Each structure stands twice: as C-alpha cells, then as structure tokens.
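Here is the structure we will look at.
The values are calculated or read from the model by the stated rules, or taken from the named source; none is laboratory data. Just so it is clear, the model here is predicted, and its values are computed rather than measured. Counting neighbours? That spans all protein chains shown, and the Cβs are built from the backbone with ideal geometry, glycine included.
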Amino acid sequence: MAETIYPPITRYKTAEELLTYTKELGINLPFDAEVQAAPESAMAQPYLLPDGRKIGNRFCIQPMEGWDATTDGKPTELTFRRWRNFGLSGAKLIWGGEAAAVRPDGRANPNQLMMLEENMTEIESLRQALVDEHKAHYTSTDDLLVGLQLTHSGRFCRPNEKTKLEPKILYHHPLLDKIFNIPADYPVMTDAEIDDLIGYYIRAAKRAQKIGFEFVDVKHCHSYLGHEFLSAVDRPGPYGGSFENRTRFLRDIVAGIRSECPGLRIGVRLSIFDFPPFRPDENNVGKMLEYRDQSGRYPYAFGGDPDHPGQIKLDETISFVNLLQKIGVELVNFSGGSPYYNPHTTRPAHYPPSDGYLPPEDPLVGVARHIKVSAELKQHAPNLATVGSAYTYLQDWLPNVAQAVVRSGMIDFVGLGRMVLSYPEMPADILAGKPLARKRICRTFSDCTTGPRKGMVSGCYPLDPFYKQRPEALAIKEIKKSK
C-alpha cells in the first residue's frame, strides 16, 4: 500500500515549526502559544442559553455511532463504559452521546441504539450512568447539558446484517447509486412514508425527554437521511426541489417536537459543506469523481459550489442556519462531508481505515477548512450555541487551537469525538492545566472505524488498554498487515 506523502503532525515539536508549516500550506490555523488553565481559560468560561440555562465550559463530546448495543437496541456493558467515559471527560455539553435510531429499519448497523418505547428504561440508565460518573469527579451536574442524537440512516441503513445495505433513498444519485450498487429501479421513499417517519422522530423525542435528556439532535449530517433531503434537488413533490421543500422534513419534525414536547431543547448536527464522492486511485490516494448534469453542474453537494465541484458555496448553508434560528432550534453542531464517500473532509486523519483511501490533502488543510467555514457561519448564528468539529487531528496542539478559536469568538464549543475513545479525560486535563497524557492522545490510526467496518464493536484498539486486550485488536492488526 502506498504511503501518504504528507508528514504526520507529530513531526512538529514546537509551535514555531507547526505554524511555519501551516504557512507553507497556505492555511491560517488559529493558535494560542500559551494555554491557560481554569478559571482564566476561555475553555473554562460558562455559556448561557437564551433562557439562562448554563453550560459549564466550552468542551463538547460529539455523538458517535455505536456498534455494541443489543440487536433490539439496548445498551450493553460496552456502551455503558463509553458513556461513563463521556461523563468522566469533564466536558459540560454532551451532544447526543451517540446516534440512536428512531426505528429498526433506520439503523446503520444491527447493533445500534434505538430510542423505542421498550428501550426507555435501559437508555435512561445509560444517561444516568454518564451523569453519575460526571458528578463523582466534578461534584456538580447543574451545568451539564446532555442530549440524544436521533437518526435514520437512509441510504446507509444496515439494520439486519452488518455487511448488507438495505437503503432508504430519497432520489437516485448518479454517483452514489453506482458506488453502492443501488439498481436504477430501486424504490424511492414515498411522500407518505416520509410523513410517517416524521411521527417516529417526534415520538422518539418524547421518550428522550421523559427519561431525562434535555435536548435532542435532529441529525442532518454525513449523508444520512436528514442530510440527503438537503441535496434532493431532483426529487419532485413537497420534499424535494426548492430549498423550502428540502427543509420541510426538518421543519415538520421541529414543529412536532415543540408541540408535543414543551421545554425540550432541539439541536441539529449539520454537514455544512459537501463534495462529490472520492475513490482511491491507482496509488490508493483519494480522487474526486467527475460528474456533470445536462446543464454542466454538480447540484448534489449541499454547501458545495454546483458550478465548481470540490469548492464551497455557503448561500444555502447560511439560509439553513437562519432557518434554524427562526424555528426555535437552540444548538447547532457544524460537521462536513460524509464518512462514506469523502471521509477526509469529515474527519481529517493521517491513516485511512481499511476501506478508505490515503488523504488527497494534508489533514491540517481539512482541519483549517472546518474552522474557517464554521467561523463564517457563526457570524450568521447569533441565537445559536455553535459547536465545531474536526479538532482531533491536531493531537498535542489541540489545546492551543481550541483556546484560540473560542477566545476569538470563532466558535462557542470545541467538539471532541474519537479523541474521547482513547483519552476521555483530555478536556479535564486541559482545564486543570495538567500536561497531556501523550501516550493516550488519538493519532488518527482509524482503527475505531476499521473495526466497525469489519463487523467489530466500537473502541480504540491501539491506545485504550481495555480494547487492546480484546481479540478484535489482533484481528485489526492482521487486516492492516494484509493491506
């Protein structure tokens, strides 16, 4: 397998070396040379929602997709361990813990959590375990805000077998259909089916509120169903074509939640930009696929420029952010792209997963892109608590950049996902002014993606001693050797 031509970020031992390299790349990376501890640190400052609800600091734990629930959607001890680590992290905003499907056919894998009536007791215990762990280490939970991400995986449903797609699609995509072997006559979801699904989201939100979650995320990212609505430009009828129609699914869910669940806050995790699919070239480096419709455009990348595929155009994303504020959404979590067809844009990494490709750009370029675009959108979101993504690749330099973006008002919260699998206490250590535990810092080996893609449970196999001892760790080593 060819090696990436880009140096790993671990090569840069001093801030001067790193910043010199970012200038060579032509990117601007916000950076504070001195990282402050609480209470002075920008990361330690509380955030107040419009009604005065306090979130105690500026770290957010990102939602991740679990592969270790029971087949009926209940948490296992592995799920409980991960959620306890979320509580241990010291972050005061927990964005969803992980994706919970609103009904069985919407699962991305057969072992995904489901927010069903019969699972409420177990998921309530899961949330309580997180809160109890947080209280045991940080005394107060009054400034801890915990939500649940609600999802339907749409085009990427695998509800019964980990290797078998059972897609629910909104339109026939000229590239994704070919990549994922969806026949030309495969049925598209009907308007009636969409109407019915909206009710499942609202009922799932009512259950989440009843068992103690303070907000729900109506997921619109990463090419799952909510996100696919935003690119359904060719779909006829009330859920496609115009921007108004493509946001109807969100608006109807939010209206239903606000009517049926008074007091429940609503967030949206959003892919703020997208690009056409990338596939590996002869050297296993990601290469963007070429496609133009009859008018010479690529219209299927929300937040992308249809006239210049691979570039960003934020007019519709800005309209979406404005819409969120208008309909009463309080929190927005900025992500980008899709892990299924352009993963380097979603989570910049030096090492690809087993089914991925080598990065076509230095991962630092991807990090800087997320920061820049999120900061631009924040200017249009005065009434939203904003969360940024893609910080894990910064590794040892994450505290310097996190503090800089929050201090300068570029984002309200710094979101951490896979970093928390190997080093859950990182936020607490940064706030306490402790040296980072370097041997636990995520190095973006992508084993946490390779494992699930090969049917294994979620976890950090290279760095977490608990998962290092599991048999899957050896299996992943063999998979990587064979590549």
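I need the full set of residues from region 72-97 which are assigned to a helix (DSSP H, G or I) and of a type in the set (Val, Ile, Thr), in order please. Don't jump to the end; show me each part of the working.
First, the residues of region 72-97 that are assigned to a helix (DSSP H, G or I): 77-88.
Answer for region 72-97, where residues must be assigned to a helix (DSSP H, G or I) and of a type in the set (Val, Ile, Thr): just Thr79.
How many residues does region 370-384 contain that are free of Cβ contacts under 8 Å to residues at least 40 places away in the same chain, of a type outside the set (Gly, Ala, Ser) and in a helix (DSSP H, G or I)?
Qualifying residue count, region 370-384: 2.
Enumerate the pairs (first residue in region 181-197 and without any contact (Cβ under 8 Å) to a residue 24 or more places away in the chain; second residue anywhere and among the basic types (Lys, Arg)) with beta-carbon separation below 6 Å, excluding pairs fewer than 6 apart on the same chain, so at least 6 apart or on different chains.
Met189/Lys168
Against the condition assigned to a loop (DSSP other than H, G, I, E, B), under 26 Å from Phe59 (Cα atoms) and either in contact with a helix residue (DSSP H, G or I) (Cβ under 9 Å, 6 or more places away or on another chain) or touching a residue at least 60 places away in the same chain (Cβ under 8 Å) (or both), how does Val329 come out, does it pass?
So Val329 passes the test.
List the number of the failed condition for Ser389; all other conditions in (1) among the polar types (S, T, N, Q); (2) closer than 23 Å to His344 by Cα; (3) surrounded by fewer than 22 Cβ atoms within 10 Å (Cβ to Cβ); (4) modelled with pLDDT of 95 or more hold.
(3)
If you check Ser482, Ser408, Ser422, which single one turns out to be at pLDDT 95 or above and surrounded by fewer than 16 Cβ atoms within 10 Å (Cβ to Cβ)?
Values: Ser482 fails: at pLDDT 95 or above; Ser422 fails: surrounded by fewer than 16 Cβ atoms within 10 Å (Cβ to Cβ).
Only one candidate passes the filter, namely Ser408.
Name the residues in region 128-138 that are under 22 Å from the mean Cα position of the chain (by Cα) and surrounded by fewer than 23 Cβ atoms within 10 Å (Cβ to Cβ), would you?
Hit for region 128-138 is Val131, nothing else.
Looking at region 132-156, which of its residues are within 18 Å of Asp217 (Cβ to Cβ), assigned to a helix (DSSP H, G or I) and of a type outside the set (Gly, Ala, Ser)? Lay out the reasoning, then the answer.
Taking region 132-156 as the starting set, the residues that turn out to be within 18 Å of Asp217 (Cβ to Cβ) are 144-154, 156.
This time we only want the ones that are assigned to a helix (DSSP H, G or I), so: 154, 156.
Result: Phe156, single match.
When both residues are 6+ apart or on different chains and their Cβ atoms are under 7 Å apart, which pairs have a first residue that lies in region 250-268 and is surrounded by fewer than 22 Cβ atoms within 10 Å (Cβ to Cβ), and a second that is outside any strand (DSSP E or B) and at pLDDT below 95?
Partner pairs satisfying both residue conditions: none exist.
Specify which of the listed residues (Asp274, Asp315) is within 28 Å of Ala255 (Cβ to Cβ), exposed (fewer than 15 other Cβ atoms within 10 Å of the Cβ) and under 24 Å from the mean Cα position of the chain (by Cα).
Asp315
Consider Tyr298 carefully, then state whether it is in contact (Cβ under 8 Å) with a residue 12 or more places away in the chain, surrounded by 21 or more Cβ atoms within 10 Å (Cβ to Cβ) and under 23 Å from Lys178 (Cβ atoms). Before the answer, list the steps.
On the way: in contact (Cβ under 8 Å) with a residue 12 or more places away in the chain: yes; surrounded by 21 or more Cβ atoms within 10 Å (Cβ to Cβ): yes; under 23 Å from Lys178 (Cβ atoms): yes.
When the stated conditions are applied, Tyr298 passes them.
Which one of the conditions (1) assigned to a loop (DSSP other than H, G, I, E, B); (2) buried (at least 18 other Cβ atoms within 10 Å of the Cβ) does Val321 fail to meet, given that it meets all the rest?
The single condition Val321 does not satisfy is (1).
Among the residues of region 428-444, which ones are over 20 Å from Ile9 (Cα atoms) and either under 19 Å from the mean Cα position of the chain (by Cα) or of a type in the set (Gly, Ala, Ser) (or both)?
Step one: of region 428-444, the residues over 20 Å from Ile9 (Cα atoms) are 428-429, 431-434.
Ala428, Ala432, Gly433 - these are the residues of region 428-444 that are over 20 Å from Ile9 (Cα atoms) and either under 19 Å from the mean Cα position of the chain (by Cα) or of a type in the set (Gly, Ala, Ser) (or both).
Within region 430-469, restricting attention to residues that are of a type outside the set (Phe, Trp, Tyr), within 25 Å of Ala136 (Cα to Cα) and without any contact (Cβ under 8 Å) to a residue 12 or more places away in the chain, which residue is surrounded by the fewest Cβ atoms within 10 Å (Cβ to Cβ)?
Within region 430-469, the match that is surrounded by the fewest Cβ atoms within 10 Å (Cβ to Cβ) is Pro435.
Looking at (1) small (Gly, Ala, Ser); (2) in contact with a Leu (Cβ under 9 Å, 6 or more places away or on another chain); (3) not in a helix (DSSP H, G or I), can you tell me which one Ala184 breaks?
Every condition holds for Ala184 apart from (2).
Between Ala69, Ala100, Ala108, which is touching a Leu at 6+ places or on another chain (Cβ under 7 Å), among the hydrophobic types (A, V, I, L, M, F, W, C) and part of a loop (DSSP other than H, G, I, E, B)?
Details: Ala100 fails: part of a loop (DSSP other than H, G, I, E, B); Ala108 fails: touching a Leu at 6+ places or on another chain (Cβ under 7 Å).
When all the criteria are applied, what remains is Ala69.
Give the number of residues within region 351-369 that are assigned to a loop (DSSP other than H, G, I, E, B) and either basic (Lys, Arg) or over 18 Å from the mean Cα position of the chain (by Cα) (or both).
Residues flagged as assigned to a loop (DSSP other than H, G, I, E, B) and either basic (Lys, Arg) or over 18 Å from the mean Cα position of the chain (by Cα) (or both) within region 351-369 amount to 8.
Please go through region 181-208 and give me each residue that is out of contact with any helix residue (DSSP H, G or I) (no Cβ under 7 Å at 6 or more places or on another chain) and either on the phi > 0 side of the Ramachandran plot or of a type in the set (D, E, K, R) (or both), ordered by number.
The first filter runs over region 181-208 and keeps only residues out of contact with any helix residue (DSSP H, G or I) (no Cβ under 7 Å at 6 or more places or on another chain), leaving 181-193, 195-197, 199-200, 203-204, 208.
Matches in region 181-208: Asn181, Asp185, Asp191, Glu193, Asp195, Asp196, Arg203.
Return yes or no: is Tyr340 in contact with a helix residue (DSSP H, G or I) (Cβ under 7 Å, 6 or more places away or on another chain), aromatic (Phe, Trp, Tyr) and at negative phi?
yes
In region 228-246, what residues are surrounded by fewer than 22 Cβ atoms within 10 Å (Cβ to Cβ) and not hydrophobic (A, V, I, L, M, F, W, C)? Spell out the reasoning first.
Looking only at region 228-246, we keep the residues that are surrounded by fewer than 22 Cβ atoms within 10 Å (Cβ to Cβ), and these are 233-245.
Matches in region 228-246: Asp234, Arg235, Pro236, Gly237, Pro238, Tyr239, Gly240, Gly241, Ser242, Glu244, Asn245.
I'm checking my understanding of the structure. Among residues of region 184-226 that are of a type in the set (Asp, Glu) and within 28 Å of Gln128 (Cα to Cα), which one is surrounded by the most Cβ atoms within 10 Å (Cβ to Cβ)?
Restricting to residues being of a type in the set (Asp, Glu) and within 28 Å of Gln128 (Cα to Cα), the top hit is Asp217.
In contact with a strand residue (DSSP E or B) (Cβ under 9 Å, 6 or more places away or on another chain) and closer than 30 Å to Leu93 by Cα, is that true of Ser319? First the steps, then the outcome.
On the way: in contact with a strand residue (DSSP E or B) (Cβ under 9 Å, 6 or more places away or on another chain): no; closer than 30 Å to Leu93 by Cα: yes.
Answer is no for this residue.
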